[in-house]
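Encoded as structure tokens, the structure appears first; notes follow it.
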Amino acid sequence: MSSPQLVTRDVPPRAVWALEQAGVSPLLARLFAARGVRSSDELDDALNRLLPPDGLKGIAEAARLLADTIERNERICIVADYDCDGATACAVALRGLRLLGARPETLSYVVPDRAIHGYGLTPAIVELALAQAPRLLVTVDNGIASMAGVAHAQSLGIQVLVTDHHLPALVNERIELPDTTIVNPNQPGCPFESKNLAGVGVAFYVLLALRSELRTRGRFDASNQPRLDSLLDLVALGTVADVVKLDANNRRLVAQGLKRMRAGRMQPGVAALFTAAGRDASRASGFDLGFSLGPRINAAGRLSDMTVGIECLLCDDPTRALVLAKQLDEINRARRDIEAGMREQAEDLLEALMPEGEPPAALCIFGPDFHEGVVGIVASRLKDRVHRPTFVFAIGADGLLKGSGRSIPGFHLRDALDLVSKRHPEVLKKFGGHAMAAGCTLAEDGFETFDRALQQVAAEWLDAASLQRTLRTDGPLAPEQFTPATVQQLDAQVWGQAFEPPVFCDQVQIVSQRLVGEKHLKLRVRQGGVLRDAIWFGHIEPVAEQGLLAYRLSLDEYNGQQRVQMVVEAML
């Protein structure tokens, strides 16, 4: 993997000054200003600073529909998705509807099996839901492109409420929407300021609107209304795990959820996931949600049945929740084993595509033995390695090729698929996604045509600058700031997509280096005359005696002692 270009973030001095004047520490003021924060108001994570629900198009109609259904004691079936966002959204919806007066026996859910049903509200999923005899289907984290599924449900006399955050479908260059009530910040004409809500965030907002509608109907008043903030641990988990942009509104949702986790106020299933992952909930961070809890939920949808993940999040018995969390942990271990084998095969295929050591402008990898549920993770790993838009394909249960792609800045993956479909209408059976992640289905003999077509789009859209991997850093860190207190201060903040955790950059001398665990490089470095510990995870090649080190800070705890450690991101 080639070394990235290190780019130091611009730090607007006026913003730093304004934040410091508002009482923000100098280090955090510098970091926040470099990420676009201009006033302390943006850092206020109080619940009353959330954007109001009435800004979401369709939400008042959705609230009335749900309120009418609850008052008539009619059955509601949640149609979930098989990732962490979909699982948490399902749990939020079911828990929230119960809090707001829906009788438990009127509530149910269905979740597609990735290999059997595919994604979204399909006619097959409607048929699956019929066993619950629903009067209303509510999609969470899906549905915006489910024209056929919505029409099939309506033909059976079932109403449909779509709650989603994905982009609508494009048909002949025109946006096409299901003919039903929709709540989605990314639907045309929606004025909601944050287009970055995850599916679980949309579900939470619908509950806020429903509570307001029920207040209007006299079911309760402001003094005795149900506390929906008890669901924010689930909202935070799904938001971080779905890697949506952490704008100010999403940071508030995540911050509130993390506060509740640290205080021990969370669903039994969330607490059990912390235990199964060996993480300390009293020090919960975005890293825990994105890299420990989220993958364990996601593993169920990739290899098994997301019902296990949803049941864990719905469980109120801590003992049962821990059993389910441990089951999810076992599934995740199996996922890691499968992923390791697929990565090894994929990297062998990658080497064959790089005879001169330089990868093509876009990667398409197919393995006949690849597992459909893990292709997205492998695509992400390969994309990180070579900094190229990457698709990895496996053979699905229906014999078609199922691909998952990950992209780089400057290459909108969903738009690229749209262009491929226009140039080669016979190749793509279906596709969808976002700028940075997308999925598609090909005929079994369509791989080579798709590969050539994607390469052509990449050659047209990407230049040398786009293909150069860059790492944005926050410059040097003052020696007096290398303390456990600094690490704790940084860990207490909400970092994530588009609000990246700090990466510092300093000139160092390498005093010693050795391999640990056969795949990590342990370093002893001299920085400004002071010796420090560093580790470079997943790196085994020796480094030069001196250079520019890009690193994060972490706390290394051993025998009750805390030491600040550099976690290396790159060295030039």
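Coordinate-derived values only; no laboratory data. Please read these numbers as outputs of a predicted model, since none were measured by experiment. Here the Cβ positions follow ideal geometry from the backbone for every residue, glycine too, while neighbour counts run over all protein chains shown.
Please list log₁₀ I(q)/I(0) at q = 0.10, 0.15 Å⁻¹ for the stretch 48-165, using the Debye equation with identical point scatterers on the alpha-carbon positions.
-0.28, -0.63
Can you give the local net charge around Thr139? Use residues other than it whose beta-carbon is closer than 10 angstrom to its beta-carbon, Lys and Arg +1, Asp and Glu -1.
Local charge sum for Thr139: -3.
So how do Leu324, Leu293 line up by other beta-carbon neighbours within 10 Å, fewest first?
By the 10 Å Cβ count, ascending: Leu324, Leu293.
Per the helix-only calculation at 222 nm, which mean residue ellipticity applies to the chain, given -39500 (n - 2.57) for every DSSP H run of n ≥ 4 and division by its residues, nearest 500 deg cm²/dmol?
-12000 deg cm²/dmol
So what's the net charge close to Asp533: Lys and Arg +1, Asp and Glu -1, counting the other residues with Cβ under 10 Å from its Cβ?
Overall, the nearby charge balance is +3.
Which percent, to the nearest 5, of DSSP beta bridges fully inside the chain are antiparallel?
65 percent
What is the sum of charges around Leu471, taking Lys and Arg as +1, Asp and Glu as -1, for the other residues whose C-beta is under 13 Å from the C-beta of Leu471?
0
Set the Förster radius R0 to 35 Å, insert the Cβ-Cβ distance between Leu471 and Asp369 as r into 1/(1 + (r/R0)^6), and round the FRET efficiency to 0.05.
0.55
So if R0 is 35 Å, what FRET efficiency would Ile540 and Val11 give, r being the distance between their Cβ atoms, rounded to the nearest 0.05?
Using R0 = 35 Å, I get an efficiency of 0.50.
Using C-alpha positions alone, give me the convex hull volume of the stretch 47-331 per residue in cubic angstrom.
123 Å³
For a quick protection proxy, order the peptides 77-87, 455-465 by their average other-Cβ count within 10 Å, most packed first.
Going from most to least packed, we get 77-87, 455-465.
For a 22 Å ceiling on Cα separation, which of these pairs sit above it: Lys245/Lys402; Lys245/Lys429; Lys326/Lys522; Lys402/Lys422?
Lys245/Lys402; Lys245/Lys429; Lys326/Lys522
In whole Å, what is the distance between the alpha-carbon centres of the stretch 379-423 and the stretch 494-537?
Each part reduced to its Cα centre gives a spacing of 32 Å.
So how do Trp536, Trp17 line up by other beta-carbon neighbours within 10 Å, fewest first?
Final ranking by Cβ density, sparse to dense: Trp17, Trp536.
For Ala397 paired with His424, estimate the spin-label separation in nm (one decimal), with each label point 7 Å from Cα along the Cα-to-Cβ line.
Between Ala397 and His424, the label points sit 2.8 nm apart.
Classify the chain as rounded, prolate or oblate, taking a ≥ b ≥ c as the square roots of the eigenvalues of its Cα gyration tensor: rounded when a/c is under 1.5, otherwise prolate if a/b is larger than b/c and oblate if not.
oblate
Give the long-range amide H neighbours of Arg472: residues separated by 5 or more places, or on another chain, with amide H under 5 Å away, using H modelled in the peptide plane at 1.01 Å from N.
The list, which skips near neighbours in sequence, is Val7.
Highest first, please rank the peptides 367-379, 237-249, 521-533 by the mean number of other Cβ atoms sitting within 10 Å of their residues.
237-249, 367-379, 521-533
For the stretch 190-335, would you read off the P(r) tail past 23 Å as a percentage of all alpha carbon pairs?
38 percent
Can you list the residues, at least 5 places off or on another chain, whose amide H is less than 5 Å from the amide H of Leu553, using H built in the peptide plane?
So Leu553 has HN proximity to Val567.
Cut-off is 10 Å between beta-carbons; in what order do Asp445, Asp44, Asp113 appear when sorted fewest neighbours first?
Asp445, Asp44, Asp113
Under the classification rounded if a/c is under 1.5, otherwise prolate if a/b is larger than b/c and oblate if not, where does the stretch 373-469 fall, given a ≥ b ≥ c as square roots of the Cα gyration tensor eigenvalues?
oblate
So for each of 3-13, 253-263, 487-497 I average, over its residues, the number of other beta carbons within 10 Å; can you give me the resulting order with the highest mean first?
Highest-to-lowest ranking by the protection proxy: 253-263, 487-497, 3-13.
Hey, how many Å between the Cα centroid of the stretch 19-85 and the Cα centroid of the stretch 443-490?
Rounded to whole Å, the Cα centres lie 28 Å apart.
Tell me, what is the FRET efficiency for Ala492 and Arg215 to the nearest 0.05, using R0 = 30 angstrom and their Cβ-Cβ distance as r?
With R0 = 30 Å, the Cβ-Cβ based efficiency is 0.30.
So how far apart, in nm, are the two label points at Ser512 and Glu176 if each is 7 Å from Cα heading toward Cβ?
6.6 nm
Taking Lys57 as the anchor, which lysines have their alpha carbon closer than 17 Å to its alpha carbon, excluding any fewer than eight residues away along the same chain?
Within the straight-line limit of under 17 Å, Lys57 reaches these lysines: Lys195.
Going by a ≥ b ≥ c, the root eigenvalues of the Cα gyration tensor, does the stretch 139-205 fall in the rounded group (a/c under 1.5), the prolate group (a/b larger than b/c) or the oblate group?
oblate
Report the label-to-label distance for Gln21 and Glu127 in nanometres (one decimal), using points 7 Å from each Cα along the Cα→Cβ vector.
Here the modelled spin labels are 6.6 nm apart.
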